[in-house]
Amino acid sequence: MRIAIVALGSRGDIQPYIALGQGFKNAGHQVRLITHENFETLVTAYGLEFWTMRGNVQEVAESQTMTDLLEKGNFFAIMAYSAKEAQRVVLHWAQDGLAACRGMDVIIAGIGGVFIGLAFAEKLGLPLVQAYYAPFTPTKAFPSVLLPSGTAKLGRYFNRMSHYFTQQMMWQGSRSADVSARRQVLDLPPAPFLGPFQSPYMRQTPVLYGFSPVVIPRPVDWNERTHVTGYWFLDEQPNWTPPTELMAFLQAGPTPIYIGFGSMSSRKPQETTDLVLQALRETGQRAILFSGWGGLQKDQLPDTVFMVDSIPHSWLFQHVAAVVHHGGAGTTAAGLRAGVPSILTPFFADQPFWGQRVAALGVGPQPIPRSQLTVEALTKAIEQVISDVKMREQAAELGRKIRAEAGVKQAIQVVEQWWGKQ
């Protein structure tokens, strides 16, 4: 097969699709990964063919407007701003993506690229395989991951309707940009007002979910086309080696904890750093701090704290006692796989959902919403994950189960079996 993968979003959004692409390539298929220009080095480092979607997503994430919105945690406002930014660049995306998909056999896309990926599929007469790392298919088993966790108390009927609601929320936010791309570049009629969810390009192909069935059991009301394969982990490159200074830090004392907030920006990075450092002093813990796009910074750190810019979670989380993070799907998965407890400080979107799953599985305390993150709350959570023997045992057991799965291999088998029947 010649496979085009459309992957849009932050680095955490892109990495599962690089893992999928690498798996397909190793299985003998031609893979072309279509994503933002700032991920070219990352994509090509894993031997995949890179095609750009013009625009730098990191610049958007670090903008003052997005920083302010993330600090407030208003998902609807964040969606509106993201939709506005998409409208600004969608014609470039349509031109770039159409060129990239020509000559391919199959298009794969997830939440960030599914609507424009479908437009490419319709234009070129190609099948679209949906591939997600968070639940998107309606079910009675649990409410939409984008709604507050307390809505689960409203019952199974509400659960199912909540997924349709969030599908519409995402579609209506994207519809204007989708119409522009279809009319001005792709020469296609607009998709239906209520969205393209009934398109034959989407309803006759597999739907892949890259999370573990021990973290989210497969709902019984999903149809036979919908597959929970296990996580799509992107491991460090074979020739990657950790920095000498980091190895020296790890060997210089007790096992540290990890603290980082991924691509979530902060208006007050210095204040956040001071809060974290005070909690570490209160608990007597050593730590590795991830600066990331969040801008955590400190000119002079104590000897018990080491700051890193970019270290593969697949390697780093094996060397820490617990992980503290924002609750992105990828970071959450990496922490669970490592078999250590997690403390989640969700900002918005699906992050609170993952925080609740971690707590429900008994491998971390109740999540601390970013707006409620204080020295006292973080101190209490760190003390719990370090001292709670049962929690640590459950985290280790869950990690063993996840590491025994082969999510990428399973996803490839599903697609190959489907393709063989065409």
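Each value in this text was obtained by applying a stated rule to the coordinates, not by laboratory testing. Everything quoted here is computed from the prediction, not taken from an experiment. Glycine gets a Cβ as well: all are built from the backbone with ideal geometry, and neighbour counts include every protein chain shown.
Structure notes:
- Answer label, with log10 I(q)/I(0) by the Debye sum over Cα atoms at q = 0.08, 0.10, 0.13 Å⁻¹ calculated from the coordinates and candidates (i) -0.48, -0.73, -1.10; (ii) -0.61, -0.78, -1.07; (iii) -0.43, -0.68, -1.18: (iii)
- Acute angle (nearest 10 degrees) that the helix 351-360 long axis makes with the longest principal axis of the chain, alpha-carbon atoms: 60
- Extending 7 Å from Cα along the Cβ direction at SER310 and again at ARG102 yields two label points whose distance is 3.1 nm.
- Global dimensions of segment 137-256 from alpha-carbon coordinates: Rg and Dmax equal 21.2, 63 Å.
- Cα shape, segment 244-403, gyration tensor, a/c 1.5 rule: rounded
- Counting beta carbons within 10 Å around each of GLU416, GLU224 and listing the fewest first gives the order GLU224, GLU416.
- Computed over segment 244-403: relative contact order in percent, which uses C-alpha pairs under 8 Å that are six or more apart: 21
- As a proxy for reagent exposure, PHE158, PHE353, PHE193, PHE136 were ordered by neighbouring Cβ count within 10 angstrom, fewest first; the result is PHE193, PHE158, PHE136, PHE353.
- Dipole of the chain, positive end: most advanced residue of ALA27, PRO367, VAL320 [Cβ charges, Cα centre]: ALA27
- In this simple spin-label approximation, ARG88 and ARG218 carry label points 7 Å from Cα along the Cα→Cβ vector, and these lie 4.2 nm apart.
- Helix 11-26 axis versus longest C-alpha principal axis of the chain: approximately 60°, rounded to the nearest ten.
- Straight-line reach from LYS409: taking Cα to Cα under 15 Å and skipping same-chain neighbours fewer than 8 places apart, the aspartates and glutamates in range are ASP235.
- Ranking ASN159, ILE116, GLN172 by Cα position along the charge dipole of segment 83-174, where only Lys, Arg, Asp and Glu carry charges on their C-beta atoms, puts ASN159 farthest toward the positive end.
- Rg(Cα)/(2.2 N^0.38 Å) for segment 336-398, N = residue count: 1.06
- Computed from Cα positions, the angle between helix 389-403 and the longest principal axis of the chain comes to roughly 30 degrees.
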